[in-house]
Amino acid sequence: RSFLIHSTYTTDTKSREENKKTIESLYRLSVDIKKIRRLKEWVLLQDVAYVKEIAGILQEMGADETAVANILERCPEAILHTPAEINSQRALWQLVCQNEKQLIKLIEQFPESFFTTEYHENQKANILFFQELGLKNNIITRFLTSAPSIFYNPVEKNKNVIETLQRNYLSLGGSDANMKIWILKLLSQNPFILLNTSTAIQENLEFLQQNDFTDHEVLQLLSKLKGFIFQLTSSTMQKSMLFSKNVFKCSDQELKQLVLKCPALLYYSVPVLEERLEGLLKEGISVAQIRETPMVLELTTQIVQYRIKKLSALGYDIKSGTLESLNGTKKDFEVNYGKIQSKKERPIFNPVAPIHIED
């Protein structure tokens, strides 16, 4: 994003000098000018800058001196925007922010997202479209900060992707009643789905159908993969499936069941699957165990090693047991670990039972 702004200004920096007025204004605001010189010196070379004005707008919104300095250090190109541009952006973000206190907090955390004003009209049209679609404002603010690029698309492009998803959801057997909830959930989980083309979405769904996944199973995979399937290509999915088929020595039908059980077999590339498989085999885990619990391939080698080490310290032998105890999120693992630990520490007698003493 910085490059986009940078490209609109003179790049012949060697023959230019720093703008003394800009330097003085930043210095008065306690901004670390050395940091700007190190990271984005080109900002300091521009003839026109709006340091006082931008700082004033931020202060109006409730930013204190430290917050203003931090924002301008992290995103110095903010001072190259006109006050009118920033006030327009302020009004735009207020459409989804509860109040200015929340807005300034977001700007402090994600200044570059806020100060990207080149796509103002697209941003506005997309915010209104997402609201009409039924996305809650807190979700839209999350998108603005963590996935700002989806707002740079023309709104027609995003509408087209949503319509493609809706059409396919219904053709795969989804109901009208559940479609809105399904779309909103998919978007909330993975807003970057909007960066794909309608053609890519169509091709990936057709690939799954050609590989004998039923309509119901395709919907199941879409939900499990949170839409990340659209960031793949049919050739990468084909390679991953072929790799799994060779490793687990299974039929097409068995492979399909494994993929439904563990969509990571479809999602991860062959090099990633190879690395994770090798890591498990080095720990003495067999291919048969992995086939029984393929979800373990969703974990990085480092996480697997850490979990095996913790379980081994309790005397749990992963080589002879099930891999279920390795699975899941960090929270899931901690719960399983706690159960194994308490079982190991449980006394062999009942401490509250009455003691019979003979006279």
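The values are calculated or read from the model by the stated rules, or taken from the named source; none is laboratory data. What you see is a predicted model; the values in this text were computed from it and never measured. Backbone-built Cβ (ideal geometry, glycine too); neighbour counts: all protein chains shown. These accessible areas exclude ligands, DNA and RNA; they are computed on the full protein's heavy atoms, side chains included. Shrake-Rupley method; radii C 1.70, N 1.55, O 1.52, S 1.80 Å.
Considered as a group, the residues in segment 284-298 that are touching a Cys at 6+ places or on another chain (Cβ under 8 Å) and open to solvent by 50 Å² or more (accessible area, probe 1.4 Å) include one that is farthest from G321 (Cα to Cα), and that residue is E298. Checked against the criteria, Y50 does not count as closer than 30 Å to K101 by Cβ and without any contact (Cβ under 8 Å) to a residue 24 or more places away in the chain.
Taken over segment 225-277, residues that are within 20 Å of Q209 (Cβ to Cβ) and touching a Ser or Thr at 6+ places or on another chain (Cβ under 7 Å) amount to 6. When residues in segment 119-164 are screened for being outside any helix (DSSP H, G or I) and either more than 18 Å from I181 (Cβ to Cβ) or open to solvent by 20 Å² or more (accessible area, probe 1.4 Å) (or both), 7 of them pass.
Assigned to a helix (DSSP H, G or I), farther than 26 Å from L186 by Cα and not aliphatic (A, V, I, L, M) - does that describe any residue in segment 257-274? Scanning segment 257-274, I find at least one residue that is assigned to a helix (DSSP H, G or I), farther than 26 Å from L186 by Cα and not aliphatic (A, V, I, L, M), so the answer is yes. The residues listed here are L311, L281; of these, the one that is open to solvent by less than 10 Å² (accessible area, probe 1.4 Å) and either without any contact (Cβ under 8 Å) to a residue 40 or more places away in the chain or aromatic (F, W, Y) (or both) is L311. Looking across L92, L103, one residue alone is touching a Cys at 6+ places or on another chain (Cβ under 6 Å), assigned to a helix (DSSP H, G or I) and either open to solvent by less than 10 Å² (accessible area, probe 1.4 Å) or farther than 17 Å from S25 by Cβ (or both). It is L103. Being buried (at least 16 other Cβ atoms within 10 Å of the Cβ), in contact with a helix residue (DSSP H, G or I) (Cβ under 8 Å, 6 or more places away or on another chain) and under 18 Å from F130 (Cα atoms): is that true of F192 here? When the stated conditions are applied, F192 passes them. Within segment 63-78, the set of residues being crowded, with 17+ Cβ neighbours inside 10 Å and touching a Ser or Thr at 6+ places or on another chain (Cβ under 7 Å) comprises A69, E77. Applying the criterion of being touching a residue at least 40 places away in the same chain (Cβ under 8 Å) and open to solvent by less than 30 Å² (accessible area, probe 1.4 Å) to the residues of segment 30-47, the residue that is nearest to the chain's Cα centre (by Cα) is I36. A search for C-beta distances below 7 Å between a residue of segment 246-272 that is surrounded by 13 or more Cβ atoms within 10 Å (Cβ to Cβ) and any residue that is of a type in the set (D, E), counting only pairs 6+ apart in sequence or on different chains, returns K256/D212; L260/E217; C262/E298; A264/E298.
Residue count for segment 172-197 under the criterion of being in contact with a Leu (Cβ under 9 Å, 6 or more places away or on another chain) and among the polar types (S, T, N, Q): the result is 2. Scan segment 324-335 and give yes if some residue there is modelled with pLDDT of 90 or more, assigned to a loop (DSSP other than H, G, I, E, B) and either hydroxyl-bearing (S, T, Y) or at negative phi (or both), otherwise no. Within segment 324-335, not a single residue is modelled with pLDDT of 90 or more, assigned to a loop (DSSP other than H, G, I, E, B) and either hydroxyl-bearing (S, T, Y) or at negative phi (or both).
Candidates are the residues of segment 218-245 that are basic (K, R) and modelled with pLDDT of 90 or more; the one that is surrounded by the fewest Cβ atoms within 10 Å (Cβ to Cβ) is K239.
Within segment 341-359, the set of residues being at pLDDT 80 or above and surrounded by 10 or more Cβ atoms within 10 Å (Cβ to Cβ) comprises just one member, Q341. Looking at segment 95-111, can you tell me whether even one residue there is under 30 Å from I140 (Cα atoms), in contact with a Phe, Trp or Tyr (Cβ under 6 Å, 6 or more places away or on another chain) and free of Cβ contacts under 8 Å to residues at least 40 places away in the same chain? Scanning segment 95-111 turns up no residue that is under 30 Å from I140 (Cα atoms), in contact with a Phe, Trp or Tyr (Cβ under 6 Å, 6 or more places away or on another chain) and free of Cβ contacts under 8 Å to residues at least 40 places away in the same chain.
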